[in-house]
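Here's the structure, in structure tokens; my notes come after.
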Amino acid sequence: MKKSIRYFTFLALIAVMLSTSCVSNKKFTASETRANKLQRENADNLSRLNDCNNQVTKMNEDKATFQKQNEAVLKDYASMQNDLLLIATQSKMTIADQAKRLKSLQDIIQAQTEKTNNLKNSISKALMNYKTDELNVYQKDGKVYVSLAEKLLFKSGSDVVDPKGKAALKTLAVVLNSSNDFTVAIEGHTDDVPIKTKMFEDNWDLSTARASSIVRILTKDNGFDSGRITASGKSQFHPVSTNTTTEGRAENRRTEIILSPDLQEIYKLLYQ
């Protein structure tokens, strides 16, 4: 009997121990799970805190940059005001003086325009006997252009001016010598057909040589002032027509005499 009691008592103790062990294991597992959750939440909070700190740092940097830019703008504005004040202080011109200068400038421009128109009309009248496919007189950008076709001046591939071309240049020189208000630029032009001869390496050579020939005739033969004239070759690179047709290439083979008004009076008035 005593043995049975001891046996059941032993079994009861074992049951209590097992029960206690299960409860402890469950609590431990639950605690561990909660600890892991807290660690994750803590890591997330730290990450958000770092993001906030970074944003605050960037805002401070942006604010500093804006302040520097604003200071630079204010500095430039102050400098501009000082410059304007200095100009206003140094200027000796009254409003009436400025109006007078403007009127003088307008008068000079108007007089120069009239001279240009008169020169163009005089040249057109002097050369009226020549055909339109031989020469053309027109105005562009305040300048007078006399465009002379190759057929009037030169044989193909040559820089020697034909007699008919010399006669036209002599007539033109009479008009040019009657005025000191213009400078003259001679430009030689070709088509895009390549040339290579004993005389000329390429179209650059030919166009430049032709322009120089015109200059010599106007100055040496007809007395035009050498200090008011220049020569240049443009080769094939400034066409006025297509180079794909015979007619277009003929238009491109030309020598242009460009008369530009003397602007010295205007410059003096503007910068005095």
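The values are calculated or read from the model by the stated rules, or taken from the named source; none is laboratory data. If you're wondering where the values come from, they're calculated on a predicted model, not measured in any experiment. Because the Cβ atoms are built from the backbone with ideal geometry, glycine has one as well, and the counts that use them run over all protein chains shown.
Odds and ends about this structure:
- Some residue of region 230-245 being crowded, with 19+ Cβ neighbours inside 10 Å and part of a helix (DSSP H, G or I): no
- Search result, residues across region 125-147 that are surrounded by 12 or more Cβ atoms within 10 Å (Cβ to Cβ) and over 20 Å from Gly248 (Cβ atoms): Ala126, Leu127, Tyr130, Val137, Gln139, Gly142, Lys143, Val144, Val146
- Residues that are among the charged types (D, E, K, R), surrounded by 14 or more Cβ atoms within 10 Å (Cβ to Cβ), touching a Leu at 6+ places or on another chain (Cβ under 8 Å) and modelled with pLDDT of 95 or more do not occur anywhere in region 148-158.
- Residues located in region 248-261, provided they are modelled with pLDDT under 95 and out of contact with any helix residue (DSSP H, G or I) (no Cβ under 8 Å at 6 or more places or on another chain): Ser260
- Selection count where residues are part of a helix (DSSP H, G or I), among the charged types (D, E, K, R) and over 31 Å from the mean Cα position of the chain (by Cα), scope region 173-223: 4
- Extreme residue, surrounded by the most Cβ atoms within 10 Å (Cβ to Cβ), among residues of region 104-123 that are more than 15 Å from Ser178 (Cβ to Cβ) and in contact (Cβ under 8 Å) with a residue 40 or more places away in the chain: Gln112
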